[in-house]
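Worksheet for the structure shown next.
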Amino acid sequence: MAPVARSGSALRGKLPRAFRLVVLPVIVLVLWEIGARMELFNPIFLPPPSRIFSAAQQLLLSGELFRHFADSLRRIAIANVIAISVAVPLGFFMGLYRPFEEVIDGFLNILRPIPPLAWIPLAILWFGLGEKSVVFITLISAFFAILLNTIAGVRGVDKSLVRAALSLGATRRVLILQVVLPGTLPSLFTGFRIALGVSWMSIVAAELIASSSGLGFMISYYRELLRSDLILVGMLSIGIIGFLMDRGLLWLEQRLLPWRVRLEL
Amino acid sequence: MAVKVGIERVTKQYGGEGDAHFVLALDDVSFALDDGEFVSLLGPSGCGKSTLLHIVAGFEDATQGTVRVNGKPVAGPGADRGMVFQDYALFPWMTVMQNVTFGLRIKNLPQRECERIAREHIALVGLAGFENRFPHQLSGGMRQRSALARSVANNPEVLLMDEPLAAIDALTRNALQEEILKVCDARDGRPRKSVLYVTHSIEEAIFLSDRIVVMTPRPGRILEVVGVPFARPRNDATRLAPEFQQLAGEIWSTLKSHIKPN
Ligand SMILES: Nc1ncnc2c1ncn2[C@@H]1O[C@H](COP(=O)(O)OP(=O)(O)OP(=O)(O)O)[C@@H](O)[C@H]1O
Ligand SMILES: [Mg+2]
C-alpha cells in the first residue's frame, strides 16, 4: 500500500510540472488576445500577443534585437568584470582587517544609499553620452552588491573552521587561501547573482538616457514611435535573458560548489 | 610522571566587574594533565568547561594565570594542541582524505607520506573506503570519526575535545567512546595520547578517563578531582561493573547539590 501511494505521489509531483509552469501564462495570453481582438482595450496601449510575436520575429530576423542585446551584454560584462576585480579584493581586505574596514566603511556608507540612477547626470558630465557612462552606472550598482556580499562572506566563515585550521597548524597564508577563501565562495556567488540582477535594472535606465544603442535605448526609441509591441518585445527579452543568466550562474555554482548546495538541502 | 599541560591559577572573566553581563567563567582554576593521561572536565552547563578548553587551545586568553604545554606558556593556537569540536568542523569543500591530510600538508610532508598517514588513521576510525567522500555525504558519527582521524593524524602533544559526542545518537555514542580510546591508545611505538575531554555525561567521563575534574558554575570552579581506577582496555563489561555504577552515583550526589534549578 505504502509503496504504491509513494510512487503515485512521485508521478503527481513529476508529470504535471511542465503543465503547472505554463498553465497560468497560457490562460493570460489567451484572455489577452481575446480582449485585444474584441477591442476591450486600446491595442496601441496593449497590443495582442500575436502582434508582439510577429514584432519579435521582425526584430529577430532583421538582427536589430540581437545588435542591441549584444551592446547591452557587452556593457554588463565590462562593468561586472571591473566591479568584481575591485570589489572582491576590497571586500576581502575589509572583511579580514577590521581597522581597514572602519576607515573605508564610513565613506562607503554614504555612497551606498545613492541610487545608481542618481549618478547619471554626473556620469554624462564626466564621460559624455554613450558607452562609458552606461558602463559606469552599471558598474556602480554591481559594485556594492559584490562588495557587501564579499565582506559578509568573509565575516560569515564558520568560526570553528578557522579554529580547526589554526589548531592543525595553519599559517596565516594557508588560513586565508584554504579556509577563508573557499568559505567565502558561496557568498561571492550570491553577490554575483545579485550584481547581475541589478546590472540589468540600471543598464536599461542608463541606456534610456545616455545611449543610442542597447535594449534600454531600443525600448525608449520605440516609445517615440508608439510601437508598444516592440517595447514589449524589448521588455520580455530583458526578462528572459536576465532569467537565463541567473540560472546559468546558479548552475555554475552547483557545479563548482557541490558541497554547498547539498548542505542547504 | 611528566606534566603535559599545566593549568596554573587560571581566571577568566567576561565583561568588566560591575557590568550587567559580568561573568566569572573561571575562578582560580589549577590542575595538571600528565603525559599520556586522559582527563575529563565534567560539570553542568555554564561551569566554564569550554572556556577552559579554549584557553588551553589558545583561542582565548586567560584574564589571569597561565597555561603551559610541556612547560611552555601558551600564546595562541598551534598544532601541538589538536582540537575536536562538537560540530565536527570538517572543511565542507574537502574530502575526508583532504581534511585528514590538512595539517600534514602544512608540515610540508611529501604527498605520499601525507596519504599514507591519513589512510592509516582513516582506517583506524573505521572509515576505510570513504576517503573520497565529502562531509555532507557522511552521517554525523562518520563525520566525527573523520574529525578525530584528522586531529590524531596530526600527532599533537595533547588532544582537546569539546563534547565531541554531544550531537551523536546514544547507540553510536557508546561505539565512538571505545573508538576514541582505541585511537588515543599507544600503538606502533607511539605513546598514549594526552587528552583533555569536555563532557556533561558522568558515564562518558568515567568510561573514558583516568581522572575526572568535576566543576561547578557561577563562578566556574573545580569541585573535586576523581580518580577512575578501572583497568584498560575498557569495554561494555566496564560499563556493567557495579563499581562503575557506584562511582557514577557518587559523582552525581556531589554534583547534585550544586545544580540550581533555573
Ligand atoms: N564570549 C563570551 N562572552 C560572555 N560570556 C561568556 C562568553 N563565553 C562564555 N561565557 C560565559 O561563561 C560561562 C562559562 O561558559 P562555557 O561555555 O565555558 O560553559 P560550559 O561549561 O562549556 O557550558 P556548556 O556545557 O553549556 O557548553 C557561561 O556563564 C557563559 O555564559
Ligand atoms: Mg561548552
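Annotations for the structure displayed:
- Index of the failed condition, B:Arg211 passing every other in (1) within 16 Å of ligand 2 (Cβ to nearest atom); (2) over 20 Å from B:Arg143 (Cα atoms): (1)
- Filter result for B:Glu17 (away from chain A (no Cβ under 12 Å), crowded, with 19+ Cβ neighbours inside 10 Å and charged (D, E, K, R)): no
- Within the range A:84-181, helices (runs of 4 or more DSSP H) holding 2 or more residues that are modelled with pLDDT under 95 and away from every other protein chain (no Cβ under 14 Å): A:98-111, A:120-127, A:131-156
- Residue identified as touching a residue at least 60 places away in the same chain (Cβ under 8 Å) and out of contact with any helix residue (DSSP H, G or I) (no Cβ under 6 Å at 6 or more places or on another chain) among A:Leu185, A:Leu177, A:Leu196: A:Leu185
- Annotation: B:Phe59 fulfils all but one of (1) in contact (Cβ under 8 Å) with a residue 24 or more places away in the chain; (2) within 12 Å of chain A (Cβ to nearest Cβ); (3) within 16 Å of the chain's Cα centre (by Cα); (4) over 24 Å from B:Ala2 (Cβ atoms); the unmet one is (1).
- Failed condition for B:Asp87, given (1) within 16 Å of ligand 1 (Cβ to nearest atom); (2) surrounded by fewer than 16 Cβ atoms within 10 Å (Cβ to Cβ); (3) under 28 Å from A:Leu256 (Cα atoms): (2)
- Qualifying residue in the range A:185-207 (condition: within 11 Å of chain B (Cβ to nearest Cβ), modelled with pLDDT under 95 and surrounded by 18 or more Cβ atoms within 10 Å (Cβ to Cβ)): yes
- Test: residue in the range B:45-54 that is away from ligand 2 (no atom under 16 Å from the Cβ), more than 17 Å from B:Ala205 (Cβ to Cβ) and either modelled with pLDDT of 95 or more or surrounded by 21 or more Cβ atoms within 10 Å (Cβ to Cβ) (or both): no
- Test result for B:Ile55, within 16 Å of ligand 1 (Cβ to nearest atom), β-branched (Val, Ile, Thr) and touching a Gly at 6+ places or on another chain (Cβ under 8 Å): no
- The residue that is farthest from ligand 2 (Cβ to nearest atom), counting only those in the range B:27-37 that are out of contact with any Pro (no Cβ under 7 Å at 6 or more places or on another chain) and over 12 Å from B:Leu160 (Cβ atoms), is B:Asp35.
- Residues that are within 16 Å of ligand 2 (Cβ to nearest atom) and either touching an Asp or Glu at 6+ places or on another chain (Cβ under 6 Å) or among the aliphatic types (A, V, I, L, M) (or both), drawn from the range B:11-23: B:Val23
- Listed by position, the helices (runs of 4 or more DSSP H) inside the range B:77-194 whose residues that are within 10 Å of another protein chain (Cβ to nearest Cβ) number at least 3 are B:96-106, B:140-153.
The values are calculated or read from the model by the stated rules, or taken from the named source; none is laboratory data. Just so we're clear, the structure is a prediction, and the values are computed from it rather than from any experiment. Note: ideal-geometry Cβ built from the backbone for every residue, glycine included; neighbour counts use all protein chains shown.
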